[in-house]
Amino acid sequence: PLEVTRRRMQTMGVAQSKDGAVGSLGMGHAAAQQTELSMLRTISELYAEQGMAGLFKGVTLNWLKGPVAFSISFTTFDIMQGFLATEEEKKLRQPRRRFSMLPPKRQ
């Protein structure tokens with residue numbers, strides 16, 4: 001709910017739409033300046049406008065987006081770290097382990 005509230009407060013006055021994420025709270029820039037923004041006020045207006053479901057709007061997509069974004073960031077960091085490493089740092093770096101589903105070969 002706090003993420004939805006934060007997003008709602010950031011978009012106040014940016015868009016005017018009855019069924020969008022902004023709804024009746026996005027009454028334009030002038031109206032947004034007249035009323036003081038607060039978390040509690042935004043949550044109460046959001047609850048009055050859309051009910052309990054409105055507080056959790058878009059949460060599923062954020063849950064799906066999180067691991068994907070983290071994976072991309074981590075992989076990009078790891079690759080760039082390899083490109084930017086000096087020769088001395090590359091020598092100190094441990095070799096990557098290769099995992100296999102097959103059991104180790106017996107000799």
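Derivation of every value follows stated rules applied to the coordinates shown; laboratory data play no part. Note that the coordinates shown come from a computational prediction; the quantities given were computed from them, not determined experimentally. Note: ideal-geometry Cβ built from the backbone for every residue, glycine included; neighbour counts use all protein chains shown.
Taking K and R as +1 and D and E as -1, what net charge do the other residues with C-beta under 11 Å from the C-beta of Asn62 add up to? Let's see the in-between values first.
Numbers: positive: Arg7, Lys57, Lys65; negative: Glu3.
Residues close to Asn62 contribute a combined charge of +2.
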Spin-label point model (7 Å from Cα, Cβ direction): what's the Met39 to Ala85 distance in nm?
4.2
Shape parameters for region 37-81, alpha-carbon atoms, Rg then Dmax in Å:
16.9, 49
Which value, in debye to the nearest 20, gives the size of the charge dipole of region 49-96 about its Cα centre, when Lys and Arg are +1 and Asp and Glu are -1 at the Cβ?
140
